[in-house]
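What follows is a single structure, written as structure tokens, with notes after it.
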Amino acid sequence: MLAGAAVKREEVSEAQEEKMRVSNRWWIAVAGVCLQMALGAAYAWSVFRIPLTKEFGWTISEVTLTFLISWFFLGCNAFLGGLWMKRVGPRVVATVAGLLWGGGVFLASFSAHKLWWLYLTYGVIGGTGLGMGYIVPITVLVKWFPDRRGFITGIAVAGFGAGSLFSAPAAGWLMRHAGLMPTFAYLGIAYGIIAVAAGSFMQNPPEGWAPQGWTPSAKHISQRCERDFTLGEALSTWQWWAICMLMSVNTMAGLSIVSQAAPIFQEMGKASAAAAAGLVGVISVGNGVGRIFWAWISDLTTRKTAFFAMYLVEAILFWRYHSISSLTVLGIVTFVIVMCYGGAYGITPAFAADYFGPRDVGSIFGLMMLPWAFAAAFGPYLFAYLRQINGNYVQALYLIAGLMTVALILPILVTPPRSRTSEEQLEMAGQFKVEVVPGDSAER
């Protein structure tokens, strides 16, 4: 009897522990969103473009380069953050990232008439913090939510996309009441505090953890690899490079609009500076919503199907974008484009975890951010350059429309990496009914 009672207590204890873990993972998800919102405030950069050019006489390209430098260092340091996280854990990386991002923005307040200092502080230091912090919630939540991989990565990056919802109006208000340079100081302090506080909640689940009673469906198994890949093994597959290309092309298109959103609303839609700043905040909602919406669509269909749909929508809208003169229509179309832009960030981490396994997804997806960084820097810079030499956005918009049209072939071609044996098993699965045995997992 004593032995039976002990076993029963042990079962109750395990059930309580499992319930606590399921509850804790949602609090970790909330903290991850807060961390990403503090980092995603970088999307509000366009509200600084006109004030900086007027105050110090810098050109559009020179001011835009600050944003591009920060995005380039985001891409470079996401990989380093993923590697470092394997050694010291997510909490340390998130804390350091918050201090670098907040500190970089704060130090930018001393960049009056010193463009190189703005590049160094906001661009290099701040961008390094962005990259190291960005990868943390993605990697952590993919492991906590194997049952909702697409949706949770969408949630994880939605905060980043919606970061300017609050920071853009706040920056506009501070510039009007405190001045241009002090605005950087106030925002830097706020970003640092929020990021460090949220980062303290980041932790990994036990190795191989999964919700009690959950097993992947046959459809999900067909779109996932049969084992975990190392970073080196992933790099040796063409699928890794194809997923990089999918994300990079989408980034070149969407980030070109995001980086110039406030001037576009003022120049094409004849909006005031205050109204343009408000609209930047509104479209940032599209960035966040798109990350969740398209990630959810990818769970219902497949990652590649969702990418194809996004590319098709963007191609159609970019072909017509230059002809829009109504501010309302311009805002709606830009909102949809930014939804598609954000969608890639919601889908790609789940794409990487599906194709290469969740174990090393931090470094595998983190390294994808390196080629992405070149696209994130080159696309918006070319867009701003074409605007400057032509005096309008027509040529730049046609270029993006053509790129998105040609790129529609990419999501059609990509397939999961599989050995010959697994391909034969999938062929047999199409002939015979396959039942998933409880407790079995596709992630071995």
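Exactly one residue out of G127, G161 is within 29 Å of F365 (Cα to Cα) and in contact with a Leu (Cβ under 9 Å, 6 or more places away or on another chain): that is G127. Identification of helices (runs of 4 or more DSSP H) wholly contained in the range 26-119 with 3 or more residues that are out of contact with any strand residue (DSSP E or B) (no Cβ under 7 Å at 6 or more places or on another chain) and closer than 29 Å to L367 by Cβ yields 60-88, 90-107. In this structure, is F293 within 30 Å of V30 (Cα to Cα), among the aromatic types (F, W, Y) and within 23 Å of the chain's Cα centre (by Cα)? Yes. Only residues that are surrounded by 14 or more Cβ atoms within 10 Å (Cβ to Cβ) and either at pLDDT below 90 or among the small types (G, A, S) (or both) were counted in the range 396-412, giving 3.
Each row is one residue, and each column tells you yes or no for (1) over 30 Å from L118 (Cβ atoms); (2) surrounded by fewer than 18 Cβ atoms within 10 Å (Cβ to Cβ); (3) within 23 Å of the chain's Cα centre (by Cα); (4) modelled with pLDDT of 90 or more.
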{"residue": "I138", "(1), (2), (3), (4)": "no, no, yes, no"}
{"residue": "R149", "(1), (2), (3), (4)": "yes, no, yes, no"}
{"residue": "A168", "(1), (2), (3), (4)": "no, no, yes, no"}
{"residue": "P182", "(1), (2), (3), (4)": "no, yes, no, yes"}
{"residue": "Y186", "(1), (2), (3), (4)": "no, yes, no, yes"}
{"residue": "V196", "(1), (2), (3), (4)": "no, no, yes, yes"}
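Among the residues of the range 126-170, those identified as aromatic (F, W, Y) and assigned to a helix (DSSP H, G or I) are Y134, W144, F151, F160, F166. Whether any residue in the range 52-60 is buried (at least 19 other Cβ atoms within 10 Å of the Cβ) and of a type outside the set (D, E) is what I want to check. So far as the range 52-60 goes, yes, one or more of its residues are buried (at least 19 other Cβ atoms within 10 Å of the Cβ) and of a type outside the set (D, E).
The values are calculated or read from the model by the stated rules, or taken from the named source; none is laboratory data. No experiment lies behind these values; they were computed from the predicted model shown. Neighbour counts are summed over all protein chains in view; Cβ atoms, including those assigned to glycine, are modelled from backbone coordinates with ideal geometry.
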